[in-house]
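All of the numbers you see were taken from the coordinates with simple rules; none came from a lab. Remember, it's a predicted structure, so these values are computed and weren't measured experimentally. When we count neighbours, we look across all protein chains shown, and the Cβ atoms used for this are built from the backbone with ideal geometry, even at glycine.
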Amino acid sequence: MKAVRIEKPGVIHLTETEIPEPPAGFARVRVEACAICATDLEVIDGRIAANYPLIPGHEWSGIVDAVGSAEDEEWIGKPVIGSNDVVCLKCDACRSGNWRYCKHFEEIGFKRNGAYAEYVIVPCYGLCEKADHVTFEEAALCEPLGVALGTMKKAGAGLGDTLLIMGSGSIGLCMLAVGKAMGMRRIVVAASSRRRLGIAEEMGAYAVIATQEQDLEAEMKKIHPEGTDVIIDATGKEECIQSCLRIARKGGTVALAGYGRGRDMQIHVDDIHLNNLVVVGAGNNWNMHKKAMHLMEDGIIDLSRMITERMPLEDYERGIRMVRERPQGFVKAVFVRDI
């Protein structure tokens, strides 16, 4: 099969490799679509721990082609999405539903081969059937949508809460879609430039702020004069997090959903202490992929506007370059099987 493989940090190429066989409890999925995530660049560049050589890719959809156990044969031929979490299913963490806390946790696309390939091996226990009218490209975005759903749950966001989203990438835009679906109000999306803020406006943001051109805190005082109920940082940048802590209302919540790339950061602790803020970490989708599919299936959330480039696997260099350079209006590049 064709696959894009990282041999070691900084060395990536298209290769031919054997089609994998699924072990017991796992399925082989013929990949129909796989989106490129900015986190994949961290793996390519060696800034996230991974098992090299590695096929990346954790935002995928496809059709089950084979299974490793007779009891899972019902999945064969079905269009699916699924969890990337490979766990023991036996420990206290797994039995409570907190798969990410499993001591044996491994993630597809990081510790195990992912979906920048014609086939990927995934656990059957994490499969979810794709709705017929949801395209494979849109279904692949259930993974980042799950991040947004999990983040909002951890933040305790609710109907009528005001919301500020820092960052207009795929995670930020998924947060916007979820916030709209939840009935949150006066949703603001802030980003350094206007390159993707137009899409945020199209997706229903109440206001957008380009921080290179506008004073973020001054603008937010106009929009949320009492402070913001819920703030999601999807940037992982020190200056953005510092601003979030100052903008939140007294007793408000700041959820940290951006990857900090291992950097040490400084914050003013009294911004949290004196204002009784709740600050939560929110770094994954917490098995929200099935709920994400249901929301797409029922038309409650539509992420189609986020797919700005479709390409074959052979065009991986262009796709990765676009994710790095983020040209005007670009959000997501998706590898598509038949294009």
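So what is the diffusion coefficient of segment 208-284 in µm² per second by Stokes-Einstein at 37 °C and 0.692 mPa s, using a Kirkwood Rh over Cα pairs? After rounding, the answer is 256 µm²/s. Exposed loop positions in the chain were taken to be GluC sites (Glu not before Pro) whose DSSP state is not H, G, I, E or B and which have at most 11 other beta-carbon atoms within 10 angstrom. Between these positions, the longest stretch is 19-212. Taking other residues whose beta carbon is less than 12 angstrom from the beta carbon of residue 192, and scoring Lys, Arg as +1 and Asp, Glu as -1, yields +3. Going through segment 16-114, which trypsin sites (Lys or Arg not before Pro) have at most 15 other Cβ atoms within 10 Å and a DSSP loop state? Within segment 16-114, the qualifying trypsin sites (Lys or Arg not before Pro) (loop, at most 15 other Cβ atoms within 10 Å) are 47, 90, 103, 111. For segment 11-53, the equivalent ellipsoid derived from the Cα gyration tensor has semi-axes of 23, 13, 13 Å, listed largest first. Applying a threshold of 26 Å to the alpha-carbon distances of 221/290; 78/290; 111/332; 290/332 flags 221/290 as lying beyond it.
Computed on the Cα trace of the chain, the radius of gyration divided by the Kirkwood hydrodynamic radius gives Rg/Rh = 0.97. For segment 224-339, the extents of the C-alpha atoms along the principal axes are 56, 35, 28 Å, listed from largest to smallest. For residue 247, neighbours were defined as the other residues whose beta-carbon sits under 9 Å from its Cβ, and their charges (Lys and Arg +1, Asp and Glu -1) total +2. Measuring spread by the Cα atoms of segment 90-216 yields a radius of gyration and Dmax of 17.6, 52 Å. For segment 258-312, state which trypsin sites (Lys or Arg not before Pro) are in a DSSP loop and have at most 15 other beta carbons lying within 10 Å of their beta carbon. The qualifying sites are 261, 263.
Helix 316-325 axis versus longest C-alpha principal axis of the chain: approximately 10°, rounded to the nearest ten.
Over the Cα atoms of segment 1-104, what is the Rg over Rh ratio if Rh follows Kirkwood?
A ratio of 0.99.
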